[in-house]
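The values are calculated or read from the model by the stated rules, or taken from the named source; none is laboratory data. What you are looking at is a predicted structure, and each value in this text was computed from that prediction instead of being measured. Counting neighbours? That spans all protein chains shown, and the Cβs are built from the backbone with ideal geometry, glycine included.
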Amino acid sequence: MLHSDQEFQYTSLAFRQRLWRYQMVQSMSRRRNCRNNSPMERFFRSLKSVWIPEVGQPSNREAKQAITD
C-alpha cells in the first residue's frame with residue numbers, strides 16, 4: 001500500500017499504472033486534510049535526521065541493516 005496526498009505526480013496515469021504493475025494499492029488523503037499525512041512525514045523526517053548519517057550509507061544492504069537493528 002502506498003499512501004500519498006493528491007499532488008499531480010501521484011494522480012497521473014503513468015504513476016497509477018506503475019503501482020498496478022507492482023501490485024500496489026494506492027491510498028490518498030482527502031483534499032485539504034494535511035494532518036492525515038503528518039505521522040508518516042514525521043517518521044521520515046526522523047529517519048533522515050536520526051537514523052541515517054549525513055553522508056548516507058555505503059550500500060542499500062547497510063542502510064536496511066542500520067534501520068532494522
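Determine whether the stretch 57-65 contains at least one residue that is among the polar types (S, T, N, Q), in a helix (DSSP H, G or I), at pLDDT 75 or above and in contact with a strand residue (DSSP E or B) (Cβ under 9 Å, 6 or more places away or on another chain).
No, there is no match, as no residue in the stretch 57-65 is among the polar types (S, T, N, Q), in a helix (DSSP H, G or I), at pLDDT 75 or above and in contact with a strand residue (DSSP E or B) (Cβ under 9 Å, 6 or more places away or on another chain).
For residues that are hydrophobic (A, V, I, L, M, F, W, C) and part of a loop (DSSP other than H, G, I, E, B), scanning just the stretch 4-26, find the one that is modelled with the lowest pLDDT.
V25
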